[in-house]
Amino acid sequence: MMMSDGVAVADVFDALAAAAPEIRAGFAGRAGETDDHNATGDRQLHADIHADEILRDRVGALDAVGEYASEEAEHVRDVGAGPLSVSVDPLDGSSNLSANNPTGTILGVYDAPLPASGRDLVAAAYVLYGPLTTMVTATADGVTRYTIASDGRRTDESVSLPDDPTVYGFGGRVPDWTVDFTDYARAIKDELKLRYSGAMVADVNQVLTYGGVFAYPGLRDRPRGKLRTQFEAIPMAYIVEAAGGSSTNGAHSVLDADPDDLHSRTPIYLGNDALIDRAERALD
Ligand code: P6P
């Protein structure tokens, strides 16, 4: 990654950090549904649209960014002549708003046109809207967690996955799990503590904090599972692998995924190496 790309990535992270308090301030009164659906069929909340507009304006205005793609919009948007392409899930787990549970923003920075492979990712980040607003960023240089105050001030600490796993979180309904995943889950639940909120950002953040495994597996009737390859799986896999963990889609690292469709889905398993190795053996 050229130094100029390093500076450009820092500009993207600064834009995300500046957007976060504005997105959070817009939650009140926007938990309701619009009449519209996104490209993967999810009913859109007013908060989804609000977050996407803020991010598109801030990130799309950067000279280094040429393409902006959102989980909330069917097509990639040309936003300039810059070398970088940015993918966003503007408000991951937005349905949690009505229960006042955590939600998040997921962002990927690619040095290739979208849809792009995980190997084209040069940086990734997420914002977690919990009791605190935190931003976790990852580049080839490592993973950093920032706590963002309401006035935008940031404090930071480096992040690495704990060696000893403690928590797990598995998506989907148990009757919809495959036999192989059910066997894997049965073993894991006797070893680790269940932590599952329904927002990928919050659940992966718990794995990064305490060690463990997050999975949204392929299901009996939906072999590719639920989570979006470009907007959720690839950026979050990049962050977990940069923090010292592993990812898989059941067969290989999620970063080796090469989606041909911007809104494709993939099974995803993220966490400590040994737990991911066991998942690949169980699903083989
Ligand atoms: P389920 C939120 O809608 C999301 O895309 C992810 O953030 C989360 O991990 C998953 O779906 C939750 O899905 O089926 O458990 O509600």
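Of all residues in the stretch 18-43 being part of a loop (DSSP other than H, G, I, E, B) and of a type in the set (A, V, I, L, M, F, W, C), which is surrounded by the fewest Cβ atoms within 10 Å (Cβ to Cβ)?
Pass one, the stretch 18-43, residues part of a loop (DSSP other than H, G, I, E, B): 26-32, 38-42.
With the extra rule that they be of a type in the set (A, V, I, L, M, F, W, C), the set shrinks to 27-28, 31, 39.
Working: F27: 19, A28: 9, A31: 16, A39: 15.
Of everything passing the filter in the stretch 18-43, A28 is surrounded by the fewest Cβ atoms within 10 Å (Cβ to Cβ).
A18 satisfies every condition listed in (1) of a type in the set (G, A, S); (2) within 20 Å of Y146 (Cβ to Cβ); (3) free of Cβ contacts under 8 Å to residues at least 60 places away in the same chain except (3). Could you say whether any residue in the stretch 57-80 is open to solvent by 10 Å² or more (accessible area, probe 1.4 Å), away from the ligand (no atom under 16 Å from the Cβ) and touching a His at 6+ places or on another chain (Cβ under 8 Å)? There is at least one residue in the stretch 57-80 that is open to solvent by 10 Å² or more (accessible area, probe 1.4 Å), away from the ligand (no atom under 16 Å from the Cβ) and touching a His at 6+ places or on another chain (Cβ under 8 Å).
For the structure I just gave you, tell me whether N100 is within 16 Å of the ligand (Cβ to nearest atom) and farther than 16 Å from D203 by Cβ. Outline the logic, then answer.
Working: within 16 Å of the ligand (Cβ to nearest atom): yes; farther than 16 Å from D203 by Cβ: yes.
In short, yes.
Checking D221 against (1) under 17 Å from G172 (Cα atoms); (2) touching a strand residue (DSSP E or B) at 6+ places or on another chain (Cβ under 8 Å), which test does it fail? Tallying (1) under 17 Å from G172 (Cα atoms); (2) touching a strand residue (DSSP E or B) at 6+ places or on another chain (Cβ under 8 Å), D221 fails exactly one: (2). A count restricted to the stretch 81-97 and to residues that are aliphatic (A, V, I, L, M), more than 18 Å from R43 (Cα to Cα) and either within 10 Å of the ligand (Cβ to nearest atom) or open to solvent by less than 50 Å² (accessible area, probe 1.4 Å) (or both) stands at 2. Whether a residue is open to solvent by less than 40 Å² (accessible area, probe 1.4 Å) and either away from the ligand (no atom under 16 Å from the Cβ) or charged (D, E, K, R) (or both) was assessed, and T155 does not pass this test.
The values are calculated or read from the model by the stated rules, or taken from the named source; none is laboratory data. On a predicted model such as this, the values are computed, not experimentally measured, just so you know. Cβ: placed from backbone, ideal geometry, glycine included. Neighbour counts: every protein chain shown. Surface areas here come from the heavy atoms of the whole protein model, side chains and all, with no ligands, DNA or RNA. Shrake-Rupley method; radii C 1.70, N 1.55, O 1.52, S 1.80 Å.
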